[in-house]
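Notes for the one structure printed next.
The values are calculated or read from the model by the stated rules, or taken from the named source; none is laboratory data. Small disclaimer: the values here were computed from a predicted structure and weren't measured. Every residue, glycine as well, gets a Cβ built from its backbone with ideal geometry; the counts of neighbours run over all protein chains shown. We work out accessible area using only protein heavy atoms, side chains counted, and drop any ligands, DNA or RNA first. Shrake-Rupley method; radii C 1.70, N 1.55, O 1.52, S 1.80 Å.
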Amino acid sequence: RLAELQAVEARAAQTLVWAQRAGFTLDIALDHLTLARVSLYRSRLLAASDPPAAAAALQAATGAAGQAVDGLRKAGHDEFIVRGLLTRACVHALNAKADAARADLDEAQRIAERGGMKLPLADVHLHRARLFNDRTALAAARKLIDETGYERRRGELDDAQCRLDGRAVVLPEF
C-alpha cells in the first residue's frame with residue numbers, strides 16, 4: 001500500500017507543478033487535497049510500525065489539507081469544498097483537535113444541505129459517526145445511503161456500525 005501511495009503522491013506532485021504554472025486554481029487545490037489524503041493514509045499505515053514517520057506524515061497532511069480547503073474556497077466549487085472539509089476533519093481528529101474537526105463537519109453539512117447534495121451529506125454523517133462514535137449521525141448516514149442507493153459507502157457504514165456495537169469488523173469478499 002505504501003508503494004501505491006508513493007505513486008499517487010508522485011503523480012499529484014507533478015500535476016501540481018503543471019497546475020501552478022498554468023494558474024488553475026481548482027486543479028491546484030485538488031492536487032493539495034490528493035497530497036493531504038496520501039499523507040493521511042500514510043500516517044495511518046505507519047502508525048504502529050514507524051511512529052516518527054507517521055507523525056511526519058500527519059504533519060504533512062495537516063499542511064496540505066489546509067492548503068486544499070483554502071484553494072477550494074477560492075475556486076468556489078461547493079462539492080469540492082465539502083470533500084476538502086471532510087479530509088481536514090479527519091486530520092484534525094487525528095491531531096486531537098475535536099472542536100476543529102466538528103467545525104469542519106458542521107460547515108460541510110451546511111454546504112451539502114444548502115446545495116441539496118445528498119451523497120456528500122451522507123459522507124458528512126458517516127464521517128461524524130466514525131470520528132465521534134455518533135449513533136445519530138450513523139442513522140442519518142444509513143437513511144441517506146439507503147434512500148439514494150449510495151452503495152459505494154455501504155462497507156464503511158457497516159464498519160462504523162460494527163465499531164459502535166463493539167463487534168469485530170467483517171470485511172467484504174473480493
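So here's what we get for this one:
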item: Looking only at segment 99-110, and only at residues there that are open to solvent by 10 Å² or more (accessible area, probe 1.4 Å) and aliphatic (A, V, I, L, M), the one that is farthest from A141 (Cα to Cα); result: A100
item: Which numbered condition S49 misses (of (1) without any contact (Cβ under 8 Å) to a residue 24 or more places away in the chain; (2) open to solvent by less than 50 Å² (accessible area, probe 1.4 Å); (3) of a type in the set (S, T, Y)); result: (2)
item: Residue count for segment 27-46, restricted to those that are closer than 16 Å to L94 by Cβ, open to solvent by less than 60 Å² (accessible area, probe 1.4 Å) and more than 15 Å from the chain's Cα centre (by Cα); result: 1
item: Qualifying positions in segment 66-87 - modelled with pLDDT of 95 or more, out of contact with any Pro (no Cβ under 9 Å at 6 or more places or on another chain) and either more than 9 Å from H32 (Cβ to Cβ) or open to solvent by 70 Å² or more (accessible area, probe 1.4 Å) (or both); result: Q67, D70, R73, K74, A75, F80, I81, L85, T87
item: Residue list for segment 121-150, restricted to those being touching a Lys or Arg at 6+ places or on another chain (Cβ under 8 Å), part of a helix (DSSP H, G or I) and surrounded by fewer than 18 Cβ atoms within 10 Å (Cβ to Cβ); result: F132, E147, T148
item: Tabulated pairs, segment 28-39, first more than 14 Å from E4 (Cβ to Cβ), second of a type in the set (D, E, K, R) and surrounded by fewer than 23 Cβ atoms within 10 Å (Cβ to Cβ), C-beta under 7 angstrom, 6+ apart or interchain; result: L33/R83; L35/E9
item: Tabulated pairs, segment 70-92, first free of Cβ contacts under 8 Å to residues at least 12 places away in the same chain and in a helix (DSSP H, G or I), second crowded, with 22+ Cβ neighbours inside 10 Å and of a type in the set (V, I, T), C-beta under 6 angstrom, 6+ apart or interchain; result: none
item: Pair list, Cβ under 7 Å, 6 or more apart: segment 8-24 residue over 15 Å from A68 (Cα atoms), other residue hydroxyl-bearing (S, T, Y); result: V8/T34
item: Subset of segment 151-169 [surrounded by fewer than 14 Cβ atoms within 10 Å (Cβ to Cβ) and either among the basic types (K, R) or in contact with a strand residue (DSSP E or B) (Cβ under 9 Å, 6 or more places away or on another chain) (or both)]; result: R152, R167
item: Residues located in segment 127-144, provided they are touching a residue at least 12 places away in the same chain (Cβ under 8 Å) and either closer than 12 Å to L164 by Cα or among the acidic types (D, E) (or both); result: A129, R130, L131, F132, N133, R135, A137, L138
item: Search result, residues across segment 1-26 that are over 20 Å from Q59 (Cβ atoms) and either open to solvent by less than 70 Å² (accessible area, probe 1.4 Å) or β-branched (V, I, T) (or both); result: A7, T15, V17, A19, A22, G23, T25, L26
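Residue by residue, here is whether (1) touching a His at 6+ places or on another chain (Cβ under 8 Å); (2) among the polar types (S, T, N, Q); (3) in a helix (DSSP H, G or I) holds:
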| site | (1), (2), (3) |
| --- | --- |
| D99 | no, no, yes |
| R102 | no, no, yes |
| A112 | no, no, yes |
| G116 | no, no, no |
| R152 | no, no, yes |
| D158 | no, no, yes |
| Q161 | no, yes, yes |
